[in-house]
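Below: one structure, written as structure tokens.
The values are calculated or read from the model by the stated rules, or taken from the named source; none is laboratory data. The structure presented is a predicted model; accordingly, all values stated were derived computationally and were not measured. Positions of Cβ are backbone-derived with ideal geometry, glycine not excepted, and every protein chain shown enters the neighbour counts.
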Amino acid sequence: MNFNVLKTFRKTFSVLILILILSAPSYSASKKSRGFQNSYDVIVAGAGTGGISAAIQAARMGANVLVVEASSWIGGQMTAAGVSTMDDMSRQKSGIYLEFINRVKDYYDYRGKSMGTCYWYPTSLAFEPHIGQEILVSMVNDARRKGVIDFYMNSEIVEVKKDRRTVTGVTVKTPEGNKNHECKVLIDATEYGDILPLAKTQYRIGNSVAKFSTSDEMVQDITWTAVLRKYPGGVPQELRAITPLPGYDLAKRNYESVVSSDGFNFRNKYPIDLPVNFMTHNAYRGLPDSSNPYNYDATPENRPNITKTSVNWANDYPGAYSWTNGKRGLPIAYLENRTLRKQIEHDAFIKTLHFIYYVQNELGENWSVADDEYNNRVLPEAARNLPLEWQEIARRMPVIPYVRESRRAIAKHTLTSYEVLQNSLSYRDGQTNHEFPDAIAIGGYILDLHGANTDADMEWEFEEKASTQITNRPRGPFQVPMDILIPDDTDGLLVAEKNISASRLTAGALRLQPITMMTGQAAGALAALSARYNRTPSEIHSMAVQWELLKSGVSLSLCHYSDVPPEHSLNKSVQISNLYGLVIPNEYPHSVSYRIDELDDPTIAMALIKRDDTGIFGLDNMMTGNDLLEIIERAQKVLEMRKPPVVSFEKPGNFVSRGDFVKVLYDAFPKLKHIERSKNAKLPFKIEKNRNAEYVEKLAYLGILDVYKIESEFHYGRPVTKGEATDIIVRACVASAGE
């Protein structure tokens, strides 16, 4: 078949599936599912960045997954809410997030278009919301080849069923009525953390624990964004804002202070000179434009050519207005009281409509809502009682608001901003290892709160106050630990969005699209393993989850070595070794710290040139018995063996042979003796007769000796190298952790 014809067919098929998923209130389709099941391995509440990533990862691992989404879109904040300019400061893309970005890049590369259209930098990443959703749908369909992913759209979970402290199922309110489903694991990936109170799980809200909260607590602003497009021939009549809505005069004063006809250009410095001109405003959240035959990016000479942008700057709600009590931000009742939530979201919606009127009538620009993004058949709830002339504009608005802060679970651990700072300093400024052993994602962002950022809004129990936003700002990429995904008082429940267990300030750095996609993927892997082994998530060892994530292309360690590049076959094992401190490298990296929000920081470039960002692991160093015994002892402690077997080598000061090492390893990890080999397991190499042959055969069938699979036979007498020992011990730990 012709390549172009094939691409056209695939696109057409994806669009048809997209229509099926998003037009029907419920959708079930995969080769393993011919209708909704009574019971699922995993139920995911919310199809946002975290939820859809969790569903994809769990299905890829063979789980049966049900996704319940309150809106008609998947992708949450980066598609349904229109925040499709990626807030990515980590400089370390991996896993489902990297896969998603690569697919989006392929889409725009094929059409000769750049993704670097936002934040005034051509190295940025942005896409059109409807394209992002199409890519996510294609990833969902690919995942269905290994597992089940069923959807309830325009639906929500209204009851969580429990047996004592363990979640057993849910009741889903759908357009066709209530539906009951059992599950082994429930993941709360809603935008508001709405499952936490339903599951009777303790959570934080604002700056206190929910049961001790008062009406004084505040959370961050929301924003109802809009995707605007330039209409060179004039704005279509149905998308013209002719009559201002009530409250426009106040909005006008707000917008005049940020955007004006004679405002400043962006001058590559912060803070930004305000007001800016309309061109500079558009380049801040600039998007590619599939309807525009010409290409552009965010370079200064191209900014006048941008024809599509997202409105997400001066329209925070309440933003500069402040709340009725004079405080910045929103009251926690926004999250707890559905009636107030609807009113606030209505007001946020109207505030953005005010901006559209301002653009057309005060700035005189031929811009309005894009007619190729959203086309809601039914007006959003937030658009109720709008005059007729505004209704077509309202139909073209994003389907949900951008919610920056939700309820936060109280998990096995609560991550603080100081811990994030220390973690981000790993291998920087002469420091070494501050890595989280149970790391499941790497992110990178500042401690960013929109409103509710005074001393009175902070959590003093975590030693955080307003100035902490600067003093504890990360100095490089940082990790997210697994324990903050597992609620402390409820089994069978995980969190995967802005509701993870962190201080308010820390959550301000964890709410961005790249990080939530990564935490969602980790929650999906943990849920799939929990279902597979019929254990609660808290009983699954972090190393088992990490191995699945590493196999899925996720990067977990902050430490990099020149002799173990990402594509190296031993990279996964070396990352695990870094996290748990199993094997000491020859030399750690010794890069300098930097401002994570400075995209062009010269210290980063210089560190890369000098290769200060990488150390030397020493893969080919030969290992003595004493070296290996120290590593084995560390590994036994990681697995928390109650009475670890004491093992030894005949001559511990000498280099150790492969055969002797395998025998000692077999004795050091008793669980290996009881693991049944897979029916499809094959020996990776030929095994000759030897006194250690039975141990070699056992571990070879379990995949623990895969480091030697490139060899035709197992060479018993050859000395063990550091690289070989690391891979074998890590694989032995992973196998034991799964038992």
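Taken over the range 257-272, the criterion of being surrounded by fewer than 16 Cβ atoms within 10 Å (Cβ to Cβ) and outside any loop (DSSP other than H, G, I, E, B) is satisfied by S261, D262, F264. Taking the conditions (1) crowded, with 17+ Cβ neighbours inside 10 Å; (2) in contact with a Pro (Cβ under 9 Å, 6 or more places away or on another chain) in turn, Q133 satisfies each one other than (2).
Here the range 635-656 is the region considered, the condition is being assigned to a helix (DSSP H, G or I) and of a type outside the set (D, E, K, R), and the residue that is farthest from P437 (Cα to Cα) is Q636. The set of residues in the range 453-483 that are surrounded by 24 or more Cβ atoms within 10 Å (Cβ to Cβ), in a helix (DSSP H, G or I) and under 22 Å from the mean Cα position of the chain (by Cα) contains only M482. Specify the residue that is modelled with the lowest pLDDT; the eligible residues are those in the range 371-419 that are more than 19 Å from Y317 (Cα to Cα) and touching a His at 6+ places or on another chain (Cβ under 9 Å). Once the filter is applied, the top-ranked residue is N385.
Here the range 692-704 is the region considered, the condition is being touching an Asp or Glu at 6+ places or on another chain (Cβ under 9 Å) and more than 13 Å from I675 (Cβ to Cβ), and the residue that is surrounded by the most Cβ atoms within 10 Å (Cβ to Cβ) is Y695. Tell me which of these I710 doesn't satisfy, since it passes every other one: (1) part of a loop (DSSP other than H, G, I, E, B); (2) of a type in the set (A, V, I, L, M); (3) within 29 Å of I540 (Cα to Cα). Result: I710 passes all but (3). When each of R691, R642 is tested for being closer than 25 Å to I540 by Cα, among the basic types (K, R) and assigned by TED's automatic domain parsing to the domain that holds L570, the lone residue that passes is R642. Could you please find all residues in the range 605-626 being buried (at least 19 other Cβ atoms within 10 Å of the Cβ), outside any loop (DSSP other than H, G, I, E, B) and more than 32 Å from the chain's Cα centre (by Cα)? G625 - this is the single residue of the range 605-626 that is buried (at least 19 other Cβ atoms within 10 Å of the Cβ), outside any loop (DSSP other than H, G, I, E, B) and more than 32 Å from the chain's Cα centre (by Cα).
The set of residues from the range 221-246 being surrounded by 14 or more Cβ atoms within 10 Å (Cβ to Cβ), small (G, A, S) and over 28 Å from G206 (Cα atoms) comprises just one member, A241.
Take K663 and tell me if it is in contact with a helix residue (DSSP H, G or I) (Cβ under 9 Å, 6 or more places away or on another chain), at pLDDT 95 or above and among the charged types (D, E, K, R). For K663, the condition - in contact with a helix residue (DSSP H, G or I) (Cβ under 9 Å, 6 or more places away or on another chain), at pLDDT 95 or above and among the charged types (D, E, K, R) - is met. Taking the conditions (1) in contact with a helix residue (DSSP H, G or I) (Cβ under 7 Å, 6 or more places away or on another chain); (2) modelled with pLDDT of 95 or more; (3) not charged (D, E, K, R) in turn, L274 satisfies each one other than (1). Of all the criteria given as (1) surrounded by fewer than 21 Cβ atoms within 10 Å (Cβ to Cβ); (2) in contact with a strand residue (DSSP E or B) (Cβ under 6 Å, 6 or more places away or on another chain); (3) in contact (Cβ under 8 Å) with a residue 60 or more places away in the chain; (4) among the hydrophobic types (A, V, I, L, M, F, W, C), the one not satisfied by V158 is (3). Considering the range 642-681, the residues that are aliphatic (A, V, I, L, M) and in contact with a Phe, Trp or Tyr (Cβ under 7 Å, 6 or more places away or on another chain) include one that is surrounded by the fewest Cβ atoms within 10 Å (Cβ to Cβ), namely A681. For the residues T225, T168, the requirement of being over 30 Å from E463 (Cα atoms) and part of a loop (DSSP other than H, G, I, E, B) singles out T225.
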